[in-house]
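The values are calculated or read from the model by the stated rules, or taken from the named source; none is laboratory data. For clarity, every value in this text was computed on a predicted model and none was experimentally measured. Counting neighbours? That spans all protein chains shown, and the Cβs are built from the backbone with ideal geometry, glycine included.
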Amino acid sequence: MKKIGVILSGCGVRDGSEIHEAVLTLLAIDRHGAKAVCLAPDMELNEVNHLLMEETGAKRNVLVEAARIARGDISDVKDVSASDLDAIVLPGGFGAAKNLCNFASQGAQGSVQPDVLRLVREMAAAKKPICAICIAPTVLALALGKDLSPQLTIGTDQGTAQAIAATGSRHVECAVNDCVIDRDHRIVSTPAYMLAGRISEAADGIEKAIKATLDLIR
């Protein structure tokens, strides 16, 4: 059975992984006969009250929060290498741009969390597929843009697209129910809630992206 690493960034759209996207990802992986291996970095995040959508000033731990989505079955990213996996997927949510990297505050000048950066670059070097959902392509743009100039999408938002292009990556506009496949670099991306107004719209694109990612596994 193929093992697909799912890199989570917490639990909650404003300070971690977007829960709908994460669950839809896990469901699609299972439906296509692969095994999801949940991962997250062991680091602090700034907590957001999701009722008020405001930071509380408190801190939480990304790995501990992501374990909620994974039902406790999760590993620290630092303990996993490309040789353990056949592909990786990064669901969206602001945590991808705040915790897995700092694109949310630094844009194209940002950097990627060291353990995540290592795994992403290992996967790219091994020519193993990488899938990024919603805002998570920004992680790949910062990690791989200068070296690989991958094709990526976050949908149609021009400001974010320009920042992605500034990393050396190539942004491609994409509909919510579709995905962009960079076959040269085995990278798949889909807009999900960057465009979706309904969970079913996000589901269509994620399902297509996961299938495309699995199809790229050699």
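Side notes on the structure shown:
- Qualifying residue in the stretch 136-143 (condition: among the aliphatic types (A, V, I, L, M), within 18 Å of Leu26 (Cα to Cα) and either surrounded by 23 or more Cβ atoms within 10 Å (Cβ to Cβ) or at pLDDT 95 or above (or both)): yes
- Criterion (modelled with pLDDT of 95 or more and surrounded by 20 or more Cβ atoms within 10 Å (Cβ to Cβ)) met by exactly one of Ile69, Ile74: Ile69
- Among (1) of a type in the set (S, T, N, Q); (2) within 24 Å of Asp86 (Cβ to Cβ); (3) in contact with an Asp or Glu (Cβ under 8 Å, 6 or more places away or on another chain), the one test that Thr156 misses: (2)
- Scanning the stretch 156-172 for residues that are of a type in the set (Gly, Ala, Ser), in contact with a helix residue (DSSP H, G or I) (Cβ under 8 Å, 6 or more places away or on another chain) and crowded, with 17+ Cβ neighbours inside 10 Å gives Ala163, Ser169.
- Residue-level check: of (1) in a helix (DSSP H, G or I); (2) in contact with a Lys or Arg (Cβ under 6 Å, 6 or more places away or on another chain), Leu214 misses just (2).
- The set of residues from the stretch 142-178 being part of a strand (DSSP E or B) and without any contact (Cβ under 8 Å) to a residue 24 or more places away in the chain comprises Arg170, His171.
- Enumerated helices (runs of 4 or more DSSP H) restricted to the stretch 43-124, each holding at least 3 residues that are more than 30 Å from Gln151 (Cβ to Cβ) and either of a type in the set (A, V, I, L, M, F, W, C) or free of Cβ contacts under 8 Å to residues at least 12 places away in the same chain (or both): 62-69
- Of the residues Thr153, Thr160, Thr138, the single one that is within 23 Å of Asn177 (Cβ to Cβ) and over 15 Å from the mean Cα position of the chain (by Cα) is Thr160.
- From the list Thr153, Thr160, Thr167, the one residue that fits, being touching a His at 6+ places or on another chain (Cβ under 7 Å) and among the β-branched types (Val, Ile, Thr), is Thr153.
- Against the numbered list (1) more than 14 Å from Ala96 (Cβ to Cβ); (2) among the hydroxyl-bearing types (Ser, Thr, Tyr); (3) in contact with a Gly (Cβ under 8 Å, 6 or more places away or on another chain), Thr190 comes up short only at (1).
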